[in-house]
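Participant: Take this structure, written in structure tokens, and hold onto it; I'll ask about it next.
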Amino acid sequence: MAAVRERFVFAEAGRVTTNNAANTQPPRALLALMQRLAPLYDNVHRGQPTASQHTTRLFEATYDDIAAFVGAPGRSNVVLVRNTTEAINTVMYTLLTQFREGDNIVTTTMERNSNFVPWFALCNQILPRLGRRVSLQLARVDALSGELDLAHLASLVDARTKLGACTAASNFLGTQNPLADVSAVAAASGYLQPGGERRSYLLIDSAQWVPSHAVDMQALGADYLAFSFHKMLAPFGVGALVAREERLTQSLPFLYGGDMADDGGVCADRVSYNDLPWEYAAGTPNILGAGAAAAAGPGPDAE
Ligand SMILES: Cc1ncc(COP(=O)(O)O)c(C=O)c1O
């Protein structure tokens, strides 16, 4: 315990907190890393200065580390955002134009509101204004055991279910969901996606899962994982959406402008977009934050 305490500065300030489900304190080594990076850093993808080129290499490598950390094929699968909530909203906005009249979304009554409010708003406020009716279905949780009612979930998922959105682990109940079973239900729905696949896409809210489990996104068969680095030692401000590459190439981007546009690809009458993952990186990113996040979770030891 003394050795662990030694790695953190917060105890010296008289603060010992255990609310790690909400956020963790950054360790001493990570604060030192940020201090080392700050004087040398520059904006990324801005050409000539040596500092910019160096920072760009470090920044791009964080995408590789984060992909490897959750078993995704590579940097093209990673979208860096501010937190889990923003990652889930990214899924919502990138799929917005794909919903068809009569579709449904299935989630559970176990979700943190970050994985409920976006789907509620989409179905009840946003899509109705665009003249499309899409319903939101909620799978039950057993009131005594706190377990997800998988049979009820399976009964809600059908050939009109474009998306299933399920937490891996509940921040409230502590329940860990049977993700392989949930994934099998989504895979068997028969929903015809725009790319020709017949299954429902699956988003896993991984905020309470990635920090404490070895994750293999490809083995799981999920389309999207959403999580926050401030729950695994990094400072606030960086979250990730890790997605199957086809989900990102077959969707419209969420945010527009800056690095997401192709270099030389912006004319008055035509705009083309950058390659992945930068197509989903509009504007100047949180460069130091990404470096700290990658070092905190997946990357090389900050020391
Ligand atoms: C299961 C779950 N999902 C989503 C969130 C939201 O995370 P953030 O505040 O980083 O967006 C939390 C935060 O506690 C959570 O526990």
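The values are calculated or read from the model by the stated rules, or taken from the named source; none is laboratory data. No experiment lies behind these values; they were computed from the predicted model shown. Neighbour counts are summed over all protein chains in view; Cβ atoms, including those assigned to glycine, are modelled from backbone coordinates with ideal geometry.
Participant: Can you work out which of the residues in the range 48-73 that are crowded, with 20+ Cβ neighbours inside 10 Å and of a type in the set (V, I, T) is farthest from the ligand (Cβ to nearest atom)?
Facilitator: T55
Participant: If T24 satisfies every condition in (1) under 26 Å from the mean Cα position of the chain (by Cα); (2) modelled with pLDDT of 95 or more; (3) part of a loop (DSSP other than H, G, I, E, B) but one, which is the exception?
Facilitator: Condition (2) is where T24 drops out.
Participant: Could you tell me which residue of the range 228-247 is nearest to C166 (Cα to Cα), considering only residues that are within 10 Å of the ligand (Cβ to nearest atom) and in contact with a strand residue (DSSP E or B) (Cβ under 7 Å, 6 or more places away or on another chain)?
Facilitator: Only one residue tops the list, namely S228.
Participant: Same structure again: Within 14 Å of the ligand (Cβ to nearest atom), under 27 Å from S170 (Cβ atoms) and touching a residue at least 12 places away in the same chain (Cβ under 8 Å): does that describe L225?
Facilitator: So L225 fits the description; yes.
Participant: Assuming A219 fulfils every condition listed in (1) assigned to a strand (DSSP E or B); (2) surrounded by fewer than 20 Cβ atoms within 10 Å (Cβ to Cβ) apart from one, which condition is it?
Facilitator: Result: A219 fails condition (1) only.
Participant: Could I ask something else about it? Looking at (1) surrounded by 14 or more Cβ atoms within 10 Å (Cβ to Cβ); (2) in contact with a Pro (Cβ under 9 Å, 6 or more places away or on another chain), which is the only condition P285 fails?
Facilitator: Result: P285 passes all but (2).
Participant: Still on this structure, please answer the following. Take residues that are under 16 Å from the mean Cα position of the chain (by Cα), more than 14 Å from the ligand (Cβ to nearest atom) and surrounded by 22 or more Cβ atoms within 10 Å (Cβ to Cβ) and tell me which of the strands (runs of 3 or more DSSP E) falling wholly in the range 74-187 contain 1 or more.
Facilitator: Ranges flagged: 78-81, 161-167.
Participant: Under 7 Å between Cβ atoms, at least 6 apart or on separate chains: pull out the pairs that start in the range 78-102 with a residue that is touching a residue at least 12 places away in the same chain (Cβ under 8 Å) and of a type in the set (G, A, S) and end on any residue that is assigned to a helix (DSSP H, G or I) and away from the ligand (no atom under 14 Å from the Cβ).
Facilitator: As it stands, the answer is none, since no pair meets every condition given.
Participant: Among the candidates L179, L220, L202, which residue alone is aliphatic (A, V, I, L, M), in contact (Cβ under 8 Å) with a residue 24 or more places away in the chain and farther than 15 Å from E111 by Cα?
Facilitator: Going through L179, L220, L202 in turn, just one is aliphatic (A, V, I, L, M), in contact (Cβ under 8 Å) with a residue 24 or more places away in the chain and farther than 15 Å from E111 by Cα: L220.
Participant: Can you confirm whether D275 is of a type outside the set (S, T, Y), assigned to a loop (DSSP other than H, G, I, E, B) and exposed (fewer than 14 other Cβ atoms within 10 Å of the Cβ)?
Facilitator: yes
Participant: Going through D216, D205 one at a time, which residue ends up being within 25 Å of G289 (Cβ to Cβ), of a type in the set (D, E) and in the same structural domain as T109 (by TED's automatic domain parsing)?
Facilitator: One residue alone meets the criteria, D205.
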